[in-house]
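Asks: Can you keep this structure in mind? I'll have questions shortly.
The values are calculated or read from the model by the stated rules, or taken from the named source; none is laboratory data. Model, not experiment: these values are computed from the prediction. So basically every Cβ, Gly included, is an ideal-geometry build from the backbone, and we count neighbours across all protein chains shown.
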């Protein structure tokens, strides 16, 4: 499909779909995929469903992120939610809201990367929606489906006193990348001058998806995707379960030390405790913690106090991402 100087506004919807649907071909067969009024999916048992959106200027910037990186973000944040329920992802629906000036090349590169991500995780892109949007608005919304393979879902409400709190994946790395990007933007520094290893997890995140079902099989009573920060998401588990999650500072030392390679200690601490878009998994285990998980602390009774998160004997303030409590990234 040749690039239009007017962007996607120079094409009909059918012409755009004809060009991008083959690029999205995924790693799983559905009963009926894109091209009809609705998809028909192969699912064994009750489906697990989640949805998440990315908005230009709020969740990514074109001067920071390539279309492929936006696709990686969109897929990872949705599939991590499926994994956090102890489920295996199966299918995706993708909705694109496009300013008519959006370059066709951007859409093609995004679609091709979405196909790469779907094949990587053995899921299908079963369909979705394509819509025009007002000037300046571009957004990506993904709805993901998964299946439990006969297991019960792991919710946020099953943590019990005596459980060990464990995490699989990193802490604070996405937030470190964002902090560096924001600082560079404020100072006029070019993104190309920033250390690649510090930006990688923010721009092209990954998630330990296979560990969600592993945790479920190991008896995890509660689990959550760390999408909004350790303190905020751990607090959600604590309140849903009516308990206190007690974290140990020593267990966070490796994450803090890594972050301090790139940013000041105070900012590094904020990134580790409150950094969002990490998409690691936090779970509470009544028994043995499986391999590839590391213990961060223990679950205790809330007693006469409020459920919440404590760190080394003190209540930990809830920090992290809240869509309606802070302004958009500049």
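Asks: When you look at residue 140, is it crowded, with 17+ Cβ neighbours inside 10 Å, touching a helix residue (DSSP H, G or I) at 6+ places or on another chain (Cβ under 8 Å) and not in a helix (DSSP H, G or I), yes or no?
Replies: For residue 140, the condition - crowded, with 17+ Cβ neighbours inside 10 Å, touching a helix residue (DSSP H, G or I) at 6+ places or on another chain (Cβ under 8 Å) and not in a helix (DSSP H, G or I) - is met.
Asks: Counting only residues that are without any contact (Cβ under 8 Å) to a residue 24 or more places away in the chain, give me the helices (runs of 4 or more DSSP H) lying completely in segment 212-330 with at least 3 of them.
Replies: 253-259, 265-274
Asks: Of the residues 162, 212, which single one is closer than 15 Å to residue 285 by Cβ, modelled with pLDDT of 95 or more and crowded, with 18+ Cβ neighbours inside 10 Å?
Replies: Exactly one residue qualifies, and that residue is 212.
Asks: Looking at (1) within 30 Å of residue 56 (Cα to Cα); (2) in contact with a helix residue (DSSP H, G or I) (Cβ under 9 Å, 6 or more places away or on another chain), can you tell me which one residue 325 breaks?
Replies: (2)
Asks: Name the one entry in 267, 196, 191, 243 that is in the same structural domain as residue 297 (by TED's automatic domain parsing), surrounded by fewer than 14 Cβ atoms within 10 Å (Cβ to Cβ) and farther than 21 Å from residue 50 by Cα.
Replies: The match here is 196.
Asks: For segment 36-50, name all the residues that are assigned to a loop (DSSP other than H, G, I, E, B) and either crowded, with 17+ Cβ neighbours inside 10 Å or touching a residue at least 24 places away in the same chain (Cβ under 8 Å) (or both).
Replies: Hits for segment 36-50 are 38, 39, 41, 42, 43, 44, 45, 46.
Asks: Has segment 61-68 got any residue that is surrounded by 20 or more Cβ atoms within 10 Å (Cβ to Cβ), touching a strand residue (DSSP E or B) at 6+ places or on another chain (Cβ under 8 Å) and either assigned to a helix (DSSP H, G or I) or not assigned by TED's automatic domain parsing to the domain that holds residue 183 (or both)?
Replies: No: zero hits.
Asks: Which of the residues spanning segment 5-24 are at pLDDT below 85 and surrounded by fewer than 15 Cβ atoms within 10 Å (Cβ to Cβ)?
Replies: 5, 6
Asks: Hey, another quick one. Can you name the number of the only condition in (1) buried (at least 16 other Cβ atoms within 10 Å of the Cβ); (2) not in a loop (DSSP other than H, G, I, E, B) that residue 102 fails?
Replies: Every listed condition holds for residue 102 apart from (2).
Asks: Can I ask one more? So residue 129 passes all but one of these: (1) within 26 Å of residue 201 (Cα to Cα); (2) out of contact with any helix residue (DSSP H, G or I) (no Cβ under 9 Å at 6 or more places or on another chain). Which condition number does it fail?
Replies: Residue 129 satisfies every listed condition except (1).
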